[in-house]
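Read the structure below first, then the notes.
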Amino acid sequence: YNTLSFSPAPELGFSGCDTEYQTPDNLAYLGFKAVYEHLGQEIPGVHIDISAHIPVCRGLGSSAAMIAAGALGANVLGGFGLSREELLSIVTPIEGHPDNLAPAFFGGLTASMSVGGQVYTVSYPVHPELRFVLMSPDFPLSTHAARSVLPETLPFKTAVGQLSRLALLPKVMELGDEELIALCLEDAFHQPYRFPLINESDKLRQMAHELGCDAFCISGAGPTLLCVTQDPHLEKKLARKLDSVTKNNWQMLPLYVEFQGAHVIDWE
């Protein structure tokens, strides 16, 4: 989780984050500023304290978490009373898509589309026994680099086949059917081009397969890798073999679905 505090101040200021992020381009501030600009309000001075625990440039949605927090902070500090749906539409242009922002705001599994500046989002249930074990390396993969390897076009047949998998995925996540989840995660849109950018990803995929987990994919744009399983022991199994298979320092992140999304912890 990332936890941010917003306090009125004479000018923009930061604490809790590296100096390189203490600028007007800070994503939390961009989210904060976007709400005031959307409402035609003067942007006040603010001090933003940041306690960030989501790794940056790892395909874990750290940017969206910051932007959502900034928008929520502005909404509370300004007393605007905007809904999460409204905030999502306001800040989506910052990321260019709502894919990470929607779950950051609402929690859980979401699907979204943007039409004419309005973002539409729906939520899906997730099987309570599903576990999400991530393996995150000690090297980043910038979104720019991850996007640069993607092809400009794909064959029509490939696109249709991929959309068929996508249509099934929300339901099989609800059912917890690992075999079908694995089939749905067989991706032709981006993974074949991005896996080569992630050193040792082939070894880790093979290791997960040998340990009984075929529901394996890149988290976001990478380089973090994701295993979806109902096996409560998968994390320990992976940890026992990880060092013998890899040379890079991979961190194990066993995570559960957060259904609450961005929220205000304290306000006086």
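The values are calculated or read from the model by the stated rules, or taken from the named source; none is laboratory data. Owing to the predicted nature of the structure, the values given are computational and were not obtained by experimental measurement. Cβ coordinates were reconstructed from backbone atoms using ideal geometry, including for glycine residues, and neighbour counts include every protein chain displayed. These area figures cover heavy atoms from the full protein model, side chains too; ligands, DNA and RNA do not enter into them. Shrake-Rupley method; radii C 1.70, N 1.55, O 1.52, S 1.80 Å.
Dividing the helix sum by the residues of the chain, where each DSSP H run of 4 or more adds -39500 (n - 2.57), gives a mean residue ellipticity at 222 nm of -11500 deg cm²/dmol. For the residue pairs 203/241; 203/237; 171/241, the C-alpha atoms sit more than 21 angstrom apart in 171/241.
Here the spin labels are modelled as points 7 Å beyond Cα on the Cα-Cβ line, and at residue 189 and residue 150 they lie 0.8 nm apart. What the pair-distance distribution of the stretch 45-183 shows, using all Cα-Cα distances binned every 5 Å from zero, is 2, 8, 13, 16, 20, 20, 13, 5, 3, 1, 0 percent. Take every pair of alpha-carbon atoms less than 8 Å apart whose residues are at least six positions apart; their mean separation over the length of the stretch 54-177 yields a relative contact order of 23 percent. Shown for the stretch 100-231: the carbon plus sulfur share of the solvent-accessible area, taken with all protein chains present and a 1.4 angstrom probe, equals 57%.
Annotation note: GluC sites (Glu not before Pro) in the stretch 55-127 located in DSSP loop regions with a Cβ neighbour count of at most 12 within 10 Å are absent.
Among the protein heavy atoms of the stretch 1-97, carbon and sulfur supply 50% of the accessible surface, probe 1.4 Å, non-protein parts ignored. Accessible area per residue for the chain is 54 Å², calculated with a 1.4 Å probe on protein heavy atoms, without ligands, DNA or RNA. Only Lys, Arg, Asp and Glu carry charge here, each on its Cβ (+1 for the first two, -1 for the last two); on that basis the stretch 44-172 has a dipole of about 400 debye about its Cα centre.
Qualifying chymotrypsin sites (Phe, Trp or Tyr not before Pro) in the stretch 156-264, where qualification requires a DSSP coil assignment and no more than 13 other C-beta atoms within 10 Å, comprise 256, 259. Sorted from greatest to least, the principal axis extents spanned by the alpha carbons of the stretch 120-262 come out as 41, 35, 34 Å. One entry in [x] -0.33, -1.06, -1.22; [y] -0.36, -0.97, -1.16; [z] -0.27, -1.06, -1.31 is log10 I(q)/I(0) by the Debye sum over Cα atoms at q = 0.07, 0.14, 0.16 Å⁻¹ calculated from the shown coordinates; its label is [z]. Shape analysis of the stretch 118-193 places it in the oblate category; the axes a ≥ b ≥ c from the Cα gyration tensor give an a/c of at least 1.5, with a/b not above b/c. Applied to the stretch 91-101, the Karplus parametrisation 6.51 cos²θ - 1.76 cosθ + 1.60 on θ = phi - 60° returns per-residue 3J(HN,Hα) values of 9, 4, x, 5, 8, x, 7, x, 4, 9, 5 Hz, with x for Gly and Pro. Volume per residue of the convex hull around the Cα atoms, evaluated for the stretch 86-127, comes out as 58 Å³.
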